[in-house]
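What follows is a set of notes on a single structure, which appears directly below.
No value in this document is a laboratory result; all are computed from the given coordinates. All of these numbers come straight from a predicted model, not from anything done at the bench. Note that we place each Cβ from the backbone using ideal geometry, even for glycine, and neighbour counts take in every protein chain shown.
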Amino acid sequence: MKQIPFSIQKRQELQDCIEKVKQEARTMRRVSCVLVSIFMDTANERMLMEMQRTISASFPEAQIVGAVSTGEIVNGRLIEHNIVVNFTLFECSEVRVMSYDFRQLSSEQAGKDLLAILNADKNVAAVEVISAGFHLDINPFFREVSKSREEIVFFGGLADDGSLGQNGMVFAQNTNLRHGVAVAIFSGDKLHVEASSSFGWKPLGRSMQVTKMDGEYCLQELDGQPALEIFNRYLGIANDEKFLVEALTFPFYFERHGVVLARHPRRCREDGGIVFGADICEGEEVRLAYGDPGDIIENALVLQGKLASFQPEAIFVVSCVARWMLLGSDTEQELSITRDLAPSSGFYAYGEFMRIQNGEIMVSNMTLVTIGMREGLKTGENPPLVVTPPKLKKHRSIMAHLVHFIETTTQELEASNSKLKRLAQLDRLTGLYNRGETELRLRRMMKAAALNEHPLAVLMMDVDDFKGINDTFGHAKGDETIKAIADILRASTRKDDDAPGRWGGDEFFVVFYDMDERILQEVAERIRRKVAELDILPSGSKVTTSIGIVTAKSDDTVDSLCRRVDRALYEAKRTVGKNTVVML
């Protein structure tokens, strides 16, 4: 397997490149397939067609795929205003290139068609997908092909014509599309593929909930406020001609299925809604994020080690345009990770495609994705790898210190907020949940119990003749009694399943999730007995408690459940006669 990338300015240079590729091909045992990847920064369709004819004249069976892109990558270097033509020669593998026009075929149906092709070929190792179309609904397409064998690697990205927010163009063989996808399927029983990705952005400020979306891509409200207001208030970014350039490097950061994802803005609507290049879901918790140039480059260096141990013969690269915008002249420090490992080629995208561990294919932003390929087994030991620490330009070095300051203060703010939130949930005297938090957890646990068809029960208890303890021994002894009972409740309930709280005064309330009735009665009786065993009053008299328990019914509300357990407690105290447990 050989990869031979070129950067040219004029179509006339292409013939010289082809002659060099022919010379390389003669050194190979055989050539089973030729893949030609083309990336260019202008949508000159006439020139592209001429290039396709020139390539096909020399390599009639060549598979041609590519896109118009904002920036291109060759051998670890950034290429601007040139045309990248990358020849990948395979000795024993095959590549098939095809395209799907979403104006003629739905996204879902295209995904089903591709899935059928992948299922029919058991030697598929990787699939490259390049999409064009700012409003392209690619999620149904990816949902279908995510059903393919999980070991198949998916990579690629969303192409753009360089105008920041307009449709790009992709091409496959002799077809050019502005609203669809180009697909390259890599197949071979000796073809090995290694996918790695690097992120490097960090969360900034508080967490916000997505409260209103217009479709899957337009964010309208966060915490009930217009999305634009967040950029305006926290970053000073307004909805003007500079919005996209200024907002692009401040994405929203969140987790989905255990994977950190980012979403950068593509444009702002007049109504303040912000359109993103990938989907966001209502209810997701997001935060603004910022890029630390030093961390971004250091994270990329980790990929260098992974690639080196894989021993690739060819490397494909897809990187987010926002990384380039942030790093500027330091961009090549990041790209250089591939320079001494294998010939590399790729492009800058406005959305990067990758597959996560559960097999789902996802769209991310702000990510650097590298795909190493080789035919056959690794050869001996890994080559020596020299890792050069990043050396940032002066202004970015200053920025790195400011980023460190932001990161530290953000962490301190998070810790303070977490502490305040915790304090707001707890009763100060006992450390149990306070009444507000107990009610909140009761609501959540009732919903979970109904959804999962699990039993739920509540316990209410108070101290018998507690006023007499306060009047006789003082309020300090009364507080000591309350804290001792709280300790008993803590020890008698499950940390992650139950919710013990102080209801108020000498009353306590416990929510039990998914507990058998027999065990529930045993727990309640143990609580009653442990309270009666307390040796806390100076006179030697005993502290006792009355306990009521009810299990939730299918038609119960929080209010009706509380009323029923209150009646059970009344039965225990007034009818049966204190120091007892009553279950209704």
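Legend: calculated FRET efficiency, Gln23 to Ala57, from the Cβ-Cβ distance at R0 = 25 Å, rounded to 0.05, equals 0.90. Taking amide H atoms as placed 1.01 Å from N in the peptide plane, the amide H of Leu204 lies under 5 Å from those of Leu288, Ala289, Tyr290, each 5 or more residues away in sequence or on another chain. Ranking Met213, Tyr234, Gly277 by how far each Cα lies toward the positive end of the dipole of the range 202-290 (charges on Cβ) leaves Tyr234 at the top. Residue exposure proxy: Arg490, Arg428, ordered by other Cβ atoms within 10 angstrom of their Cβ from fewest to most, comes out as Arg428, Arg490. Selection among Gly168, Gly346, Asn417 by position relative to the dipole of the chain gives Asn417 as farthest towards the positive end (Cβ unit charges, Cα centre).
From the alpha carbon centroid of the range 507-584 to that of the range 357-376 is 56 Å. The phi-based Karplus calculation (6.51 cos²θ - 1.76 cosθ + 1.60; θ = phi - 60°) puts the 3J(HN,Hα) values of the range 556-573 at 6, 10, 4, 5, 5, 5, 5, 5, 5, 6, 5, 5, 5, 5, 4, 4, 5, 8 Hz, whole numbers, x for Gly and Pro.
For the chain, DSSP calls about 85 percent of its internal beta bridges antiparallel. Both radii come from the Cα set of the range 435-583: Rg as radius of gyration, Rh as Kirkwood radius; their ratio Rg/Rh reads 0.98. Model label points for Gln12 and Ala238, set 7 angstrom from Cα along the Cα-to-Cβ axis, are 5.0 nm apart. Placing a pseudo-label 7 Å from each Cα along the Cα-to-Cβ vector at Leu584 and Lys553 gives an inter-label distance of 1.1 nm.
For the range 435-583, DSSP calls about 85 percent of its internal beta bridges antiparallel. Relative contact order for the range 222-351: 21 percent, from Cα pairs under 8 Å spaced at least 6 residues apart, divided by residue count. Pick the calculated mean projected area of the Cα convex hull in nm² for this structure from [x] 28.5; [y] 34.3; [z] 26.2? It is the one labelled [y]. Relative contact order for the chain: what percent, with Cα pairs under 8 Å and sequence separation of 6 or more? That works out to 12 percent.
For the range 249-311, trypsin sites (Lys or Arg not before Pro) meeting the loop criterion (DSSP other than H, G, I, E, B) and having at most 15 other Cβ atoms within 10 Å: Arg269. Of the GluC sites (Glu not before Pro) in the range 228-333, the ones in a loop by DSSP (not H, G, I, E or B) with at most 12 other beta carbons within 10 Å are Glu241, Glu270. With contacts taken as Cα pairs under 8 Å at a separation of at least 6 residues, the range 435-583 carries a relative contact order of 30 percent.
Think of each Lys and Arg Cβ as +1 and each Asp and Glu Cβ as -1; about the Cα centre, that makes the dipole of the chain roughly 600 debye.
Put in line by how crowded their Cβ is, counting other Cβ atoms within 10 Å and starting with the fewest, Thr211, Thr88 read Thr211, Thr88. Highest mean first, the peptides 105-113, 368-376, 65-73 sorted by other C-beta atoms within 10 Å per residue fall in the order 65-73, 368-376, 105-113. In this structure the amide hydrogen of Asn579, modeled in the peptide plane, comes within under 5 Å of the amide hydrogens of Thr545, Ser546, none closer than 5 places in sequence on its chain. With a simple spin-label model that places each label point 7 Å from the Cα along the Cα-to-Cβ direction, the separation between Leu377 and Asp271 comes to 6.2 nm.
Counting beta carbons within 10 Å around each of Thr472, Thr367, Thr408 and listing the fewest first gives the order Thr408, Thr472, Thr367. Close amide-amide hydrogen proximity is noted between Phe154 and Val127, Arg355, each under 5 Å apart and 5 or more residues distant or on a separate chain (H modeled in the peptide plane; Pro and chain starts excluded).
Listed values for the range 64-78 are Karplus-derived 3J(HN,Hα) couplings in whole Hz (6.51 cos²θ - 1.76 cosθ + 1.60, θ = phi - 60°), namely 10, 9, x, 6, 6, 9, 6, x, 10, 10, 9, 6, x, 10, 7, and x replaces Gly and Pro.
Helix 293-310 and the longest principal axis of the C-alpha atoms of the chain enclose an angle of approximately 70°.
Residue by residue, the range 450-465 carries 3J(HN,Hα) couplings of 5, 5, 9, 6, 10, x, 9, 9, 10, 10, 10, 9, 9, 7, 5, 6 Hz when phi is fed to the Karplus relation 6.51 cos²θ - 1.76 cosθ + 1.60 (θ = phi - 60°); x denotes Gly or Pro.
Put simply, the C-alpha atoms of the range 202-290 give a gyration tensor, and the ellipsoid matching it has half-axes of 18, 14, 12 Å, longest first. About its Cα centre, the dipole of the range 202-290 is roughly 360 debye, where the only charges are +1 on Lys and Arg Cβ and -1 on Asp and Glu Cβ.
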